[in-house]
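Have a look at the structure below before the remarks.
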Amino acid sequence: MFKSFIIGAVTFLGVAFSSHAMAGDIAFPADWKDWNSVSTTLTGIGALPGCDADVSSLPPIYQETVATYCAVKEGGPGAVAVLVNPADADAYKNRNGKFSDGPSMILHLKDMKILFVSGHAGGQAVYGVFTEDGKEITAPEGPLAASTCTNCHTGYTAFCLNGQCGTQNK
Ligand code: HEC
C-alpha cells in the first residue's frame, strides 16, 4: 500500500516534470501574422549573421546572441523581424515591463521559418520556440532551450526588462 503510493507519487512527478519540459510555458500565438512588426537595433542590422562575421562593434549582448545562434544554420540564421502582440504595443514601446499574460513578443527567424516567442505567465517572462505553423520545438538544452533564452534575457539585467531586450526605434 505504502510502496505503491511511493511509486505512484514518483510516476506522477515524472509525468509532471516531463510534460512541463516538453509542452513549455507558453502558448503558440496563432494570430502572429497580425502582430505589429517593429524596427529595432537588430532589425536595423537585418539578419543574424554567420560565425565568421565581425560583430565586435556591437554591444556585448548582441555579440553573445550571434555567438549563440550563428551555427544553427550554415551562414547564420539570416533575416529577422520583431513582432509585438497588439495588446502589448504600449508596454513594448515604453519599455515599462507591463506585459499582459500570454505571448507578448516574437523574434521571427524568417529564413528558418521559426518563431522565438517571449511571453508572460503570472507576470514572469517565459520563452518558447515554434515553427511558423505552430509546432513547438523548444529543446531541453542548447540554443533552442527555454533556459538559454532566460539566461540571456534575464542575465543582462541592465539591457533587458521583464523579458524585453530590444528597443523600438523612434
Ligand atoms: C545571448 C543572448 C540571447 C539569447 C540566448 C536569446 N536572446 Fe532573444 N534577444 C536578444 C537580444 C539582444 C534581443 C534584441 C534584438 C533587437 O535589437 O531587436 C532579443 C530579442 C528577442 C525577442 C524580441 C523582443 C525583445 O525582447 O526585444 C524575442 C521574442 C526573443 N528575443 C526571444 C528569445 C527566445 C525565445 C530565446 C531562446 C530560444 C532567445 N530570445 C534567446 C538576446 C538573446
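By the 4.7 Å beta carbon criterion, which cysteine residues of the chain come out unpaired?
C149, C152
By how many degrees, 0 to 90 and rounded to 10, does the Cα axis of helix 146-155 deviate from the longest principal axis of the chain?
50
To the nearest 20 Debye, how big is the dipole of the stretch 25-155 about its Cα centre, given +1 on the beta carbon of each Lys and Arg and -1 on that of each Asp and Glu?
Using Cβ point charges on Lys, Arg, Asp and Glu, the stretch 25-155 gives about 240 debye.
What is the sum of charges around A30, taking Lys and Arg as +1, Asp and Glu as -1, for the other residues whose C-beta is under 15 Å from the C-beta of A30?
-3
Which net charge results when you count Lys and Arg as +1 and Asp and Glu as -1 among the other residues whose beta-carbon is under 14 Å from that of Y92?
Net local charge, Y92 excluded: +2.
For the chain, with a Gaussian network of springs between Cα atoms less than 10 Å apart, report the residue from Y92, Y156, Y127 with the top mean-square fluctuation.
Y156
How many Lys pairs in the stretch 25-155 lie less than 25 angstrom apart by Cα atoms, where the lysines are 8 or more positions apart or on different chains?
Here the count comes out as 12.
Report, largest value first, the span of the C-alpha coordinates of the chain along each principal axis, in whole Å.
Reported extents, whole Å, longest axis first: 65, 36, 33.
Read the figures in this text as sums done on the coordinates, not as results from a lab. Source: prediction; values computed, not measured. Note that we place each Cβ from the backbone using ideal geometry, even for glycine, and neighbour counts take in every protein chain shown.
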